[in-house]
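Chemist: The following block contains the structure, expressed as structure tokens.
The values are calculated or read from the model by the stated rules, or taken from the named source; none is laboratory data. Fair warning: this is a prediction, and the values are worked out from it, not measured in the lab. Every residue, glycine as well, gets a Cβ built from its backbone with ideal geometry; the counts of neighbours run over all protein chains shown. The accessibility values were calculated without ligands, DNA or RNA, using every heavy atom of the protein model including side chains. Shrake-Rupley method; radii C 1.70, N 1.55, O 1.52, S 1.80 Å.
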Amino acid sequence: MSATPLPRPLSKLAGIGPARATVPHNSRLPDDPGDPGTGGTKRRRRGASPRGDQERLAAWISDLTTLHGLTERLGHTTALGDALHETLRAGASLLGARRGLLTLRPAEGIGSHRVTGLGLSPSDLGHLETGPPFAVTPAGTGPDGTPLEAVHPDIAADTGLGPRRREVAALLGCAASYALPLATERDAPPLGTAAWLFDEPGAPEPRQRRLLSLYLRYAAQHIANRLELAGARSALRAVHDALLPGAPAPLPGVALAARRPGHGGGFYDTLALPDGSLTLAIGAAVSPGPGALAAAGALRAGMRAYAVMEGEDPVAVLSDLELLLRLTDPGRPATALFCYAEPPGPQGTRRVTVASAGHPPPLLLGPARTEFADTALSAPLGMLACWEAPSTQVDVAKGETVLLYGDALLRRTGRARDAAFDLLRSAAAAAAPAVRDDPAALLAHLTEALAPPGSPAAADSDEAVLLAVRF
């Protein structure tokens, strides 16, 4: 098999064209006339010529240029999937292959295993995943430190592979394969196996194998870094799911939907009390950093406990929460809003008592109105020597929706605070009746409407917490 020509951007690096596969490659450069080992003379090896030395030097520089271009392109990948695909693409370019397969061993963040294909259809990947592998590499490295490879130059004639493996290869039109383990260090457990499939019998040349081995050393470390990041994100996601609800618990007599943050200190909560009343809450730990997630979980747990004991008095709930925050986490302010919805009256109307600690007011949506509740101006929890603010009562008719949200939703607009409130109200009012009657559709509509293209606050989208409750 011969190497395929390099892409134009790589072949022009350093002004050197593609490497010549027929030129022999030496691990050491020609003797230097000034080398102390030669006594400073201009002796050459027997049979060597200036032209041969120049060709070997050109091939050596071309190989370095090729590796530089491929590793630079791999270094630009940030997602694990992109890194795996780029590794297969680069290997195919070095070997002259058209298809490839990369399998990662089970690891945290990727599940039991992960298979990535190059030039393979979903059905091809299905055959390769369910059938016995015909390109399995042994773990570890050889005596010289090079990864142990698996070379199958003629799969159809290789009786050692077994009939089922040869059958799968024939089904895919694969005549030969070459595979290497992905290992970051000598004798370290491999991350997985990378294999390339060829349409005709044959084996890669020594130079191709050497270049691929050098490239995979860098690629394995890059993939290991992406795996470590995926594991850290998976662990953070597990902690997040344990501290904050993934979906609101069903409540009697209402339809509701929520959008929780991907990171940050935002939280929400819903709770049905034994007497048929409901409590709704939303808030955020103000300070940034990983500690904000733990603070949000503690605030939600504390607010839920106080809601059970004295939920009919939202001001008392927030006062107790402020005291808890001051004793357990002083210096970390938080905003919070707590609503207590009484059991429905004869006409289905509910009286909702609202208390806010520095949080934006609820938005009330119905067939005849789209307006903000008139909550009193108040400071966040933990900001004053003693927090206190009056509560507000609003009547919510049957078929109306209460929308709770955080400052992150307003920041998404990239506008001043007053203008952001106006945009939120106008976006809610412009929603179609079917959207206003569906809490999930309403949240999707508002999330999109408040993040116009080019908004400088688009990065806040993962922190926006929303809770829509339709009575």
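Chemist: Can you compute the charge dipole magnitude of the stretch 173-258 about its Cα centre, using +1 on each Lys and Arg Cβ and -1 on each Asp and Glu Cβ, nothing else charged? Give it in debye, rounded to the nearest 20. Please list the in-between numbers first.
Modeler: Values: 8 positive and 7 negative charges, 48 e Å.
Magnitude of the dipole: close to 220 debye.
Chemist: When the Karplus curve 6.51 cos²θ - 1.76 cosθ + 1.60 is applied with θ = phi - 60°, which whole-Hz ³J(HN,Hα) does each residue of the stretch 114-120 get, with x for Gly and Pro?
Modeler: Computed from phi, the couplings for the stretch 114-120 are 9, 10, 10, x, 10, x, 10 Hz.
Chemist: Here is a further query. In the stretch 396-431, whose amide N lies under 13 Å from the spot 7 Å out along Cα-to-Cβ of GLU371? List them in ranges.
Modeler: 396-397
Chemist: Considering only protein heavy atoms, what is the solvent-accessible area of GLU371 at a probe of 1.4 Å, reported in Å² to the nearest 10?
Modeler: About 80 Å², rounded to the nearest 10.
Chemist: How much of TYR218 can a 1.4 Å solvent probe reach, expressed as accessible area in Å² and rounded to 10?
Modeler: 100 Å²
Chemist: Note down the accessible area of ARG105, probe 1.4 Å, to the nearest 10 Å².
Modeler: 110 Å²
Chemist: How do PHE372, PHE471 stack up against each other in accessible area, from largest to smallest, with a 1.4 angstrom probe?
Modeler: Numbers: PHE372 45, PHE471 20 Å².
The ranking, largest first, comes out as PHE372, PHE471.
Chemist: Within the stretch 367-398, list the residues whose amide N lies under 16 Å from a label point set 7 Å along Cα→Cβ of THR349.
Modeler: Those under the cut-off are 367-369, 393-398.
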